[in-house]
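Asks: Submitted below is the structure of interest, expressed as structure tokens.
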Amino acid sequence: MASIPPEYQQSTHLPPAGLSFNEKQPDTIRLYPLSNYTFGTKEAQPEEDPPGDYLHHDQEEIAGFKARLNERLAPTGSLSARDTPSSADWTVHSTLAQWYRPNFETFMYPYLPPHTTRPKECKKLYFIQLPHTKVLAVPKNMKLLAVPLFELYDNTGRYGPQLSAIPHYLSRYRWEFVDEEGKVVAWTPGGPVDERVGGAKVLAGGEGEGEANGEMQGVRAEEGG
């Protein structure tokens with residue numbers, strides 16, 4: 001099964017074509033180059049228990065989750081003018097996992113134990129699909145760090161069982177890698193990402209600062225190899 005479009009194939013010795021191996025697949029997810037996104041900073045916020053946040057018992061789930069995302073990452077001031085209405089909203093694609101805390105202790109389980117009728121906490125991991133372009137603003141006292149999947153995989157010692165399981169959750173999806181011109185250059189399984197994809201556009205600004213700057217102030221974006 002090909003993983004590189006024909007116009008990008010360089011070898012003339014191709015493997016024999018097999019039958020389709022894409023039955024019962026979920027939606028295809030498109031990944032856009034980092035250069036499509038603009039990063040800035042905003043006022044510092046209290047650091048609680050990252051990543052994520054808590055919802056009150058009377059808050060609607062998705063609306064409350066989007067509100068928390070806006071508190072952490074939505075642009076403010078002059079940065080917000082760069083975000084189009086179509087890209088300003090968050091697309092909650094699906095729920096990746098649910099973890100339960102049966103008692104007031106540190107252990108959480110990816111299932112509800114049979115002896116538990118009212119767990120003390122339910123933690124959900126959502127899959128957020130980013131649009132083609134978006135402006136993100138990170139509080140000055142926090143960092144936005146891209147962690148590659150191979151770093152998370154089977155690394156419970158550093159990231160814990162919940163985050164280290166994310167590669168398992170994402171393995172069910174089929175991915176399309178898009179270049180800056182909107183052309184699909186590779187897809188899973190296998191296949192390289194186009195090397196022409198550049199780095200991120202970075203703004204210096206919080207309130208009242210909207211000029212492009214080559215340095216990130218309080219924000220770091222890294223690409224996994």
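The values are calculated or read from the model by the stated rules, or taken from the named source; none is laboratory data. Keep in mind that what you see is a predicted model, and the values were worked out from it rather than measured. Note that each Cβ is placed from the backbone with ideal geometry, even for glycine, and that neighbours are counted across all protein chains shown.
Asks: Could you check how many residues of segment 12-50 are exposed (fewer than 12 other Cβ atoms within 10 Å of the Cβ), in contact (Cβ under 8 Å) with a residue 12 or more places away in the chain and under 30 Å from ASN141 (Cα atoms)?
Replies: Number satisfying all stated conditions: 2.
Asks: Right, here's the next one. Whether any residue in segment 147-158 is within 20 Å of PRO33 (Cβ to Cβ), in contact (Cβ under 8 Å) with a residue 12 or more places away in the chain and over 19 Å from the mean Cα position of the chain (by Cα) is what I want to check.
Replies: There is no residue in segment 147-158 that is within 20 Å of PRO33 (Cβ to Cβ), in contact (Cβ under 8 Å) with a residue 12 or more places away in the chain and over 19 Å from the mean Cα position of the chain (by Cα).
Asks: OK, next. Show me the strands (runs of 3 or more DSSP E) found entirely inside segment 40-140 where at least 2 residues are at pLDDT 85 or above and among the β-branched types (Val, Ile, Thr).
Replies: On the way: elements: 91-101, 121-129, 134-139.
Result: 91-101, 134-139.
Asks: Same structure again: Determine whether segment 160-172 contains at least one residue that is within 18 Å of HIS93 (Cβ to Cβ), part of a loop (DSSP other than H, G, I, E, B), modelled with pLDDT under 85 and among the hydroxyl-bearing types (Ser, Thr, Tyr).
Replies: The initial filter retains those residues of segment 160-172 that are within 18 Å of HIS93 (Cβ to Cβ), namely 165-172.
Those left that are additionally part of a loop (DSSP other than H, G, I, E, B): 165, 171-172.
Those left that are additionally modelled with pLDDT under 85: none.
Checked segment 160-172: no residue is within 18 Å of HIS93 (Cβ to Cβ), part of a loop (DSSP other than H, G, I, E, B), modelled with pLDDT under 85 and among the hydroxyl-bearing types (Ser, Thr, Tyr).
Asks: Can you tell me which residue is surrounded by the most Cβ atoms within 10 Å (Cβ to Cβ) among those in segment 111-131 that are over 24 Å from PRO167 (Cβ atoms) and of a type in the set (Lys, Arg)?
Replies: Among residues in segment 111-131 that are over 24 Å from PRO167 (Cβ atoms) and of a type in the set (Lys, Arg), the one surrounded by the most Cβ atoms within 10 Å (Cβ to Cβ) is LYS120.
Asks: Considering only segment 162-191, how many residues are exposed (fewer than 13 other Cβ atoms within 10 Å of the Cβ) and either of a type in the set (Lys, Arg) or without any contact (Cβ under 8 Å) to a residue 12 or more places away in the chain (or both)? Steps first, answer last, please.
Replies: As a first pass, look at segment 162-191 and keep what is exposed (fewer than 13 other Cβ atoms within 10 Å of the Cβ): 171-172, 181-183, 189-190.
The next check asks that each one be either of a type in the set (Lys, Arg) or without any contact (Cβ under 8 Å) to a residue 12 or more places away in the chain (or both); those that pass are 171-172, 181, 183.
Of the residues in segment 162-191, 4 are exposed (fewer than 13 other Cβ atoms within 10 Å of the Cβ) and either of a type in the set (Lys, Arg) or without any contact (Cβ under 8 Å) to a residue 12 or more places away in the chain (or both).
Asks: Going by the structure shown, is LEU73 within 28 Å of ASP27 (Cα to Cα) and surrounded by 14 or more Cβ atoms within 10 Å (Cβ to Cβ)? Quick ask: steps written out before the conclusion?
Replies: Details: within 28 Å of ASP27 (Cα to Cα): yes; surrounded by 14 or more Cβ atoms within 10 Å (Cβ to Cβ): yes.
Considered against the rule, which asks whether it is within 28 Å of ASP27 (Cα to Cα) and surrounded by 14 or more Cβ atoms within 10 Å (Cβ to Cβ), LEU73 comes out as yes.
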